Amino acid sequence: MSKVEFHFDFGSPNAYLSHLVIPGIERRTGVRFDYVPVLLGGIFKLTGNRSPAESMAGIKNKPDYQKLETERFIERHAITSFRANPFFPVNTLVLMRAAVAARRLGVFERYVDEAYRHMWSDPKKLDDPAVLRAALAASGLDAERLLSLAQAQEVKDELLANTQRSFERGTFGSPTFFVGGQIFFGKDRLGEVEEAIGGGAT
């Protein structure tokens, strides 16, 4: 059975929407997604890409259509928890380092759920250290331990290595999925991801 990876950054609302849909795919296919933290800012720097907010600035009609497609996705999957973050864009460097730290501390899945909740369901300015610390504590996570480990050089290096490897495999944004050797970009490709899993893509 093919390995399935989800390369994500908390700063992407489309990655959050994907995160909400992934459990259903896991139930239907029996395959668990391997979540790989990457730094979207680093991906953009390596590829020369820019966020949609920047790349579509000044373009008529396209931003409206993208909003429509997002609304359709939300309706299709009966998503009720999504809220636009009024502080967007949020610098996610510490958040993503803490994701690496959370895996080392054995609280990765819980950390991912809570970080996403505080970013896109009950949105906060998570690049404010005090706000982030309070949010993690409110989620019952050991904020001090997580944020301390997030500053360790080996954690920083792991996030950088994840980002570099993801770029070398073809990533240019988030969310990006890998099913075996196949790459898929964007929340709207999740149907194809599920088909590739069912087909045993290599």
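Every residue, every condition in (1) in a loop (DSSP other than H, G, I, E, B); (2) within 17 Å of the chain's Cα centre (by Cα); (3) of a type in the set (Phe, Trp, Tyr), yes or no:
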{"position": "PHE44", "(1), (2), (3)": "no, yes, yes"}
{"position": "ALA57", "(1), (2), (3)": "yes, no, no"}
{"position": "ASP64", "(1), (2), (3)": "no, no, no"}
{"position": "LEU68", "(1), (2), (3)": "no, no, no"}
{"position": "ARG72", "(1), (2), (3)": "no, no, no"}
{"position": "ILE79", "(1), (2), (3)": "yes, yes, no"}
{"position": "ARG83", "(1), (2), (3)": "yes, yes, no"}
{"position": "ASN91", "(1), (2), (3)": "yes, yes, no"}
{"position": "ALA98", "(1), (2), (3)": "no, yes, no"}
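Going residue by residue through the stretch 58-76, is there one that turns out to be at negative phi, in contact with a Gly (Cβ under 9 Å, 6 or more places away or on another chain) and in contact (Cβ under 8 Å) with a residue 24 or more places away in the chain?
No, there is no match, as no residue in the stretch 58-76 is at negative phi, in contact with a Gly (Cβ under 9 Å, 6 or more places away or on another chain) and in contact (Cβ under 8 Å) with a residue 24 or more places away in the chain.
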Return the residues of the stretch 117-136 that are within 15 Å of the chain's Cα centre (by Cα) and in a helix (DSSP H, G or I); say none if nothing qualifies. ARG117, HIS118, MET119, TRP120, SER121
Would you check if ALA135 is touching a Lys or Arg at 6+ places or on another chain (Cβ under 9 Å) and under 24 Å from ILE79 (Cα atoms)? yes
Exclusive hit being of a type in the set (Gly, Ala, Ser), more than 25 Å from THR171 (Cα to Cα) and in contact (Cβ under 8 Å) with a residue 12 or more places away in the chain, set SER51, SER81: SER81
Name every residue in the stretch 49-70 that is farther than 16 Å from SER12 by Cα and among the acidic types (Asp, Glu), in order of residue number. ASP64
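Taking PRO23 as the residue in question, decide whether it is closer than 16 Å to HIS7 by Cα, exposed (fewer than 12 other Cβ atoms within 10 Å of the Cβ) and under 18 Å from the mean Cα position of the chain (by Cα). Give the steps one after another, and end with the answer.
Numbers: closer than 16 Å to HIS7 by Cα: yes; exposed (fewer than 12 other Cβ atoms within 10 Å of the Cβ): yes; under 18 Å from the mean Cα position of the chain (by Cα): yes.
Yes, satisfied.
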Could you tell me whether any residue of the stretch 65-72 is surrounded by fewer than 21 Cβ atoms within 10 Å (Cβ to Cβ) and in contact with a His (Cβ under 9 Å, 6 or more places away or on another chain)? no
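FYI, it's all coordinate maths here, none of it is from the lab. This is a predicted model, so every value here is computed, not measured. Because the Cβ atoms are built from the backbone with ideal geometry, glycine has one as well, and the counts that use them run over all protein chains shown.
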